[in-house]
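Down below is the structure, laid out as structure tokens.
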Amino acid sequence: MQRRTFIQTLTAAAAAPLSLAARASGYPSQPIRIYGGFGPGSTTDVLTRLMAPSLGQILGQPIVVDNIQGAAGNIAANTVARAKPDGYTLLTATSSMLGTNPHLIPQSGIQLDTFVPIAMLCNIGLVVVAGPSAPASTLAGVLEASHRQGLNYGTPGAGTPMHLIGELLRERSKGNLTHVPYKGGAAMIQDLASGQIPIGIVAYTPAAGLIKSGKLKPLAVCGTTRLAALPQVPTVPEIVPGVNIGAWCALMAPTGTPEAICKQLAVASDKALALPKTLEQLIELGCDRLTGDADKVRQLTKVEYDLSGDLIRRLNIRAG
């Protein structure tokens, strides 16, 4: 059987039982809108657009993907939080939206109980990378060099997960590292590639081209597991134990959304992301599939919330 035929067959098989269930319950009877909090080309944007066609086929309704940038994702989060809890307005939420932002932007109103978790989607590959001006080609070498002469490290902005990772890395390694916050990742990646700053912490997705071309060298993957896209690159905790912060995203709905609808969406999203072609594309994005139900999302969110809150208070980190 040809690969394309196999995928089409698998998609149809996955869609059939759920479409029948949807028609029986009356949901969904109109298009579903999924919001992301970052711009076009961001990891959450690409992920949601990748999932949308299969998810729509399984549920029997179109999936509309919309992005509202600003306030570290909080504008999109508040838009979804205020929506009618009927299953037609969802959020591709990141771990930082739920675990970090409540500490950095408490006035936003986003808290642990603002949303009902539906399902885990994937991790978000974050990578410590070196540009041509880096003093060494390994993370251990860079940290050692920083003791002799202080080094700047770039991130997409103050209060981002990359910033928290950098400050925890500085604390645990006792490296002489100074944070240089940018207003977004594009300008930082450009400065890294041109040698304006020696190292940075980036999302893999927008930096993939420069990593593949050799203009940026990945030194370590953030989080506790290696990326399938970079299997030979160690994790940060392999080099500096205790720097365990990574990033992930999950599908969320406004609090009050019926449990039956959330379960239906969870099954559908799991089937959509389990398709072989989708899994391959996730790896290309630097995102590895994460599975888990609503309880898993709650557990990981609480861990992120506690870890980030402790770090933000202890190191007096402020949002940009």
Could you tell me which residue of the range 43-55 is nearest to ALA274 (Cα to Cα), considering only residues that are surrounded by 23 or more Cβ atoms within 10 Å (Cβ to Cβ) and not hydrophobic (A, V, I, L, M, F, W, C)? SER54
Restricting attention to the range 238-250, the residues that are over 17 Å from the mean Cα position of the chain (by Cα) and crowded, with 20+ Cβ neighbours inside 10 Å number exactly 2
Pairing a residue in the range 244-269 that is on the phi > 0 side of the Ramachandran plot with any residue that is open to solvent by 10 Å² or more (accessible area, probe 1.4 Å), where Cβ atoms lie under 8 Å and the two sit 6 or more apart in sequence or on different chains, gives GLY256/PRO85; GLY256/VAL116
Of the residues that make up the range 86-105, is at least one over 20 Å from the mean Cα position of the chain (by Cα), closer than 20 Å to ARG298 by Cα and in a loop (DSSP other than H, G, I, E, B)? yes
Six or more apart or on different chains, Cβ under 8 Å: which pairs go from a residue in the range 98-112 that's at pLDDT 90 or above and of a type in the set (Val, Ile, Thr) to one that's buried (at least 16 other Cβ atoms within 10 Å of the Cβ) and not in a helix (DSSP H, G or I)? Could you list them? THR100/GLY159
Those residues of the range 64-85 which are part of a loop (DSSP other than H, G, I, E, B) and surrounded by fewer than 17 Cβ atoms within 10 Å (Cβ to Cβ) amount to GLN69, GLY70, ARG82, LYS84
Keeping to the range 291-310, report how many residues are closer than 27 Å to LEU230 by Cβ and surrounded by fewer than 19 Cβ atoms within 10 Å (Cβ to Cβ). 6
Say we look at the range 220-237 and pick out the residues that are aliphatic (A, V, I, L, M) and open to solvent by 10 Å² or more (accessible area, probe 1.4 Å); which of these is farthest from the chain's Cα centre (by Cα)? VAL233
Any idea which of (1) at pLDDT 95 or above; (2) over 27 Å from LEU311 (Cβ atoms) is the one GLY209 doesn't satisfy? (1)
Select from the range 46-69 the residues that are in contact (Cβ under 8 Å) with a residue 24 or more places away in the chain and under 17 Å from the mean Cα position of the chain (by Cα) and list them in ascending order. VAL46, LEU47, THR48, LEU50, MET51, VAL65, ASP66, ASN67, ILE68, GLN69
Out of ALA260, ALA268, ALA253, ALA319, report the one residue that is hydrophobic (A, V, I, L, M, F, W, C), open to solvent by 10 Å² or more (accessible area, probe 1.4 Å), closer than 27 Å to ILE110 by Cα and not in a loop (DSSP other than H, G, I, E, B). ALA260
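The values are calculated or read from the model by the stated rules, or taken from the named source; none is laboratory data. Note that the structure is predicted; figures quoted are calculated from it, not measured. Glycine gets a Cβ as well: all are built from the backbone with ideal geometry, and neighbour counts include every protein chain shown. Note: accessible area is taken over every heavy atom of the protein model, side chains too, but ligands, DNA and RNA are not part of it. Shrake-Rupley method; radii C 1.70, N 1.55, O 1.52, S 1.80 Å.
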